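Here, each number is a calculation from the coordinates, and none is a lab measurement. Keep in mind the model is a prediction, meaning the values are calculated, not measured. When we count neighbours, we look across all protein chains shown, and the Cβ atoms used for this are built from the backbone with ideal geometry, even at glycine.
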């Protein structure tokens, strides 16, 4: 199982992205997207933004589960209170694990936002953040 | 006054006489000040350091009165005692931290405060513009506070940071040097 994860800002601008594979069932945590697929990932995630904006009004929770599908790929979304979208592209259903992953990332994102030198919609370049997101992925996905 | 007694006084005053405020409020307020200064001076971090120090100095001039009123501390016999009081009572009462006093020089005029925790710097990562890591002393206001307070009790000191965890150093260390004891000076023109 491979994952593509992106955080999208309030102006639909990407502020962070990462790729990883599953670490469950003996996975090594490395993403195995085919080369032509990798460039498609961004498109698929981007195209799901419209649907997210519809679904967000119909869902009472921040975690919207799977909002969009493309061939065998699914897009899950978590929308923060500040209108920042966490989007995860995955090829198998794993609602609960993804929820836990999103909750952890939300925590990390909040801490990043508390940094006085960080502003909303700025790209997240912090290596610490990157490392912790990958740790969370390793733990839950 | 011994170090243990200072610790007890600090603990006692902190528990009974201090109004508490949410730590994140302090952290974020201080963070906004520093970030705004960095914007105002367009990334001239040396100037930002200077401004923070000056703000701290002005706080210190006033804070000493509050400190003495709340703690009823007497006069310190020597500079070593002053150091213990700063660390175990001063920092405890106002920030609820107790930095470690270390690295005394043999003439007892210079020591370091080692901060294991620093509530001002929670959540902070310095901008990675290649300069902030080398130029900005994020918590420089504390240096000013020390200079201000000690000046009001007849001690001229020089305080500056020597290392900071935010910069990737092992510890956060502030170096404090006693420059001179300010003698009672007659106001000019009254001879």
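Take residue A:119, project a point 7 Å from its Cα along the Cβ direction, then tell me which residues of region B:23-41 have their backbone nitrogen under 19 Å from it.
Counting backbone N atoms under 19 Å from the label point, the list is B:28-41.
What average count of beta carbons from other chains do you get within 10 Å of the Cβ of residues in A:110-116?
On the way: counts 1, 3, 2, 1, 7, 9, 17.
Going residue by residue through A:110-116 and averaging, the value is 6.
Above 17 angstrom, tally the Cα pairs of chain A and express them as a % of all pairs, no decimals.
Values: 5642 of 9870 pairs.
It works out to 57 percent of all Cα pairs.
Partner chain Cβ atoms within 10 Å, averaged over the residues of B:119-125 - can you pull that number for me?
Values: counts 0, 0, 1, 3, 9, 5, 11.
Average per residue, whole number: 4.
Taking the radius of gyration and the Kirkwood hydrodynamic radius from Cα positions alone, what is the Rg/Rh ratio for the protein assembly as shown, to two decimal places? Spell out each step's value before the answer.
Values: Rg = 26.1 Å, Rh = 23.3 Å.
On the Cα set of the protein assembly as shown, Rg over Rh gives 1.12.
In Å and from the alpha-carbon atoms only, list the Rg and Dmax of region B:3-181.
Both quantities, over Cα of region B:3-181: 16.0, 47 Å.
Dividing the alpha-carbon Rg of region A:98-139 by 2.2 N^0.38 Å yields what?
On the way: Rg = 10.4 Å, N = 42, 2.2 N^0.38 = 9.1 Å.
Dividing the Cα radius of gyration by 2.2 N^0.38 Å gives 1.15.
Over the Cα atoms of region B:92-178, each weighted equally, I'd like the Debye log10 I(q)/I(0) at q = 0.10, 0.16, 0.17 Å⁻¹, rounded to two decimals.
Summing over Cα pairs of region B:92-178 leads to -0.27, -0.67, -0.75.
If you take each beta carbon of peptide B:28-36 and count the beta carbons of other chains within 10 angstrom, what is the mean?
Working: counts 3, 1, 1, 5, 1, 1, 2, 5, 1.
The per-residue average across the peptide is 2.
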